[in-house]
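Have a look at the structure below, then the notes.
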Amino acid sequence: MKISADEVSHVAKLARLNLSAEEVDTMAGQLDKILSYVAKLDELDTQGIEPTTHALSLHNAFREDQVSESLPQETALANAPQQNGEAFIVPRVI
Amino acid sequence: MNVDALTIHELQNLLSKGEVSSVETTEAVYKRIEQCEEKVGSYITLCREQALEQAKAADKRIQDGNDGALCGVPVSIKDVMCTKGIRTTAGSRILEPFVPPYDATVVEKLKTAGAVIIGKAGMDEFAMGSSNENCAYGIPRNPWNTDHICGGSSGGSAAGVAADECIASLGSDTGGSIRQPASFCGVVGLKPTYGRVSRFGLIAYASSLDQIGPLTKDVHDCALMMNVIAGYDRKDSTSVNRETPDYLNALSKGLKGMTVGIPEEYFGEGLDPEVDKAVKNGIAALREAGALTVPVSLPHTDYGVAAYYIIAPAEASSNLARFDGVRYGLRDMDAASLVEMYSQSRSQGFGPEVKRRIIIGTYALSSGYYDAYYKKASQVRTLIVDDFKKAFEHCDILASPVTPTTAWRIGEKADDPLSMYLSDVLTIPTNLAGLPGISVPCGFSSAGLPIGLQMQAAHFNEEKLLQAAWNLEQELNIKSVKNDNLADSEWNETSKSRKRRIRLQ
């Protein structure tokens, strides 16, 4: 088995997802099938091969550190589920 | 005359002569939507009021002789691109209330060119899916047979273009999401080179693979759309600062001197014989237009899906961390703590496929598994890139099927994620290598479902794709392909005669 129900629960927690016991079971079965398929990558010898993270060889894109136009505060806050006109409001942390 | 059935260039001809106005065209498109949206369901959000304002402005521009490249043309936008003041959901509950305060660069460019935005097209949630069954707002259906899927993830765009619910559309392609629905719905779909079109304002799925491109009724329209959307954007640091050609120049040239590679691995096990036949007929048409064909090999093709389903979910798990109920979107207001608020909002807002991919990605990146999964997949990605490099030493473009089958029935693969993933085997390698790829209609199955032919080229060779695609279209005589099931009788006749014009094999 590539992944157990316990591992799925653990990873879900890391990803900030709450799954029901039923969801965990279904997902464990599906992920096991998917990861077993992915194991086909092991058929290939990749020793010494550079990984590709980007299809084009990109270099850091720098720009001058200049102030430019940005969203007004009110607009930036407009989509927030809870805000006070100045900041995003979240449940108390401390 | 049904103006909604016209291509961009046909419509422009009438608009410039004053034979029809943009307002009339826009009204005709909404009338068409009213007629068939119940069956097709290609839209998540319609924005009639704004569209009519834009159409009025376009008519004025045309009158003043100040028209842009798409002036007065009604288009739809996949609901993954931000539209200022128009709700943008990415097909997800978690973004149900989200109204972007800005336009994606491509949307801004369309507006500057005078296009009229009709609405936001349906899609798989966060562009994750191959059938559009993962849309939180209803499933768009294939206009050719509404029991069948329209493909995904830009399924609403493809279905909308095929059903004349818009003149053209913008989609996005991470593993085939423009080309596959274009193929299934019988329209033209181009995924440009990674970096050719700005991704600013595109809600990210897998940032190293995502690319925006057009879905259109013919190749000419595809070139027109590319002329508007291509180009460097300082707001997208991965967009490439490189001159943009006039893509229309690629049309009307023959194919003499062009070498077309036929990758043997794309015609392997699991390929539907009817798809095989239609695609080979298309390849013969390319030869008739003057191209030379040579066999080539892309030996790592079969590993693309496995590499993709590590790399894309890994990037997605990071990209989708931003949906936490703080700045936008859904929030569970009852959560007692911050962490609970995050988890509850995400669990209620994301659908099962999105959760699945977040978990795969998080797992693949977690300590102890990184080398075995993410690093390994990224190394295999290099092998796939090298396959293409070697192939393009022998040919200008590659021709192949887009998908191994035609559009399957709704529900057929819904409970088996892996079998759904495997259907993308022929489109995924393009994205892993960042290449441009196009799907062009090349025939129909005996059940009457469209079949597309895929062509791929080296980076920034979109012109070669458009040139070959235009010739294919001319040879096969498949102009704008129409569907049988939705239209009135006059239309059915047109579409039947068009179908007959597709040369018999």
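Every number in this text was worked out from the coordinates using simple rules, so none of it is lab data. Because the structure is a prediction, the values reported are computed rather than measured. Don't worry about glycine lacking a Cβ; one is built from the backbone with ideal geometry, like all the others, and counts go over all protein chains shown.
Rounded to the nearest 20 debye, the dipole magnitude of the range B:182-274 is 540 debye, with +1 charges on Lys and Arg beta carbons, -1 on Asp and Glu beta carbons, and the Cα centre as origin. As a proxy for reagent exposure, B:408, B:470 were ordered by neighbouring Cβ count within 10 angstrom, fewest first; the result is B:408, B:470. What number comes out for the charge environment of residue B:13, summing +1 per Lys or Arg and -1 per Asp or Glu over other residues with Cβ under 13 Å away? The answer is -3.
For a quick check of your reading of the filter: which trypsin sites (Lys or Arg not before Pro) in the range A:1-91 sit in a DSSP loop and have no more than 15 other Cβ atoms within 10 Å? Spell out each step's value before the answer.
Working: sites: A:2, A:13, A:16, A:33, A:40, A:63; in loops: A:2, A:16, A:63.
Answer in residue order: A:2, A:63.
Between the listed residues B:244, B:187, B:428, the Cα displaced farthest toward the positive end of the dipole of chain B, a dipole computed from Cβ unit charges relative to the Cα centre, is found at B:244.
Per the helix-only calculation at 222 nm, which mean residue ellipticity applies to chain B, given -39500 (n - 2.57) for every DSSP H run of n ≥ 4 and division by its residues, nearest 500 deg cm²/dmol? Spell out each step's value before the answer.
Values: 16 runs with 193 residues, N = 505.
Mean residue ellipticity at 222 nm (helix-derived): -12000 deg cm²/dmol.
How big is the Rg/Rh ratio for the protein assembly as shown, C-alpha atoms only, Rh by Kirkwood, two decimals? Write out the running numbers ahead of the final one.
Details: Rg = 23.1 Å, Rh = 24.2 Å.
Reported Rg/Rh (Cα atoms, Kirkwood Rh): 0.96.
I need A:69, B:265, A:74, B:288 ordered by Cβ neighbour count within 10 Å, fewest first. Working shown, then result.
On the way: A:69 5, B:265 18, A:74 11, B:288 14.
The most exposed by this proxy come first: A:69, A:74, B:288, B:265.
Each label was represented as a point 7 Å from its Cα along the Cα-to-Cβ direction; for residue B:288 and residue A:57 these points are 4.3 nm apart. In order along the range B:117-131, the Karplus-derived 3J(HN,Hα) couplings, from 6.51 cos²θ - 1.76 cosθ + 1.60 at θ = phi - 60°, round to 8, 7, x, 9, 7, x, 7, 5, 3, 6, 6, 9, x, 10, 9 Hz, and Gly and Pro are given as x. Among B:77, B:150, B:30, which residue has its Cα furthest toward the positive end of the charge dipole of the range B:1-157, with +1 on Lys/Arg Cβ and -1 on Asp/Glu Cβ? Among B:77, B:150, B:30, the one farthest towards the positive end of the dipole of the range B:1-157 is B:77. Couplings 3J(HN,Hα) for the range B:420-426, derived from phi with the Karplus relation 6.51 cos²θ - 1.76 cosθ + 1.60 (θ = phi - 60°), are 5, 4, 5, 5, 9, 4, 9 Hz, where x marks Gly and Pro.
How long are the semi-axes of the equivalent ellipsoid of the range A:1-80, taking √(5λ) for every eigenvalue λ of the Cα gyration tensor, in whole Å from largest down? Walk me through the intermediate numbers first.
Details: eigenvalues 295, 160, 15 Å².
Working from the Cα gyration tensor, I get semi-axes of 38, 28, 9 Å.
At the listed q of 0.08, 0.09 Å⁻¹, the Debye profile of chain B, built from one uniform point per Cα, gives log10 I(q)/I(0) equal to -0.44, -0.56.
Specify the angular offset, from 0 to 90 degrees and rounded to the nearest 10, of the alpha carbon long axis of helix A:21-38 from the longest principal axis of the alpha carbons in chain A. Here the helix axis deviates by roughly 70 degrees.
This ranking places B:345, B:177 by how few other beta-carbon atoms lie within 10 Å of each, fewest first, which gives B:345, B:177. Kirkwood radius and radius of gyration were both taken over the C-alpha atoms of the range B:154-301, and their ratio Rg/Rh is 0.98.
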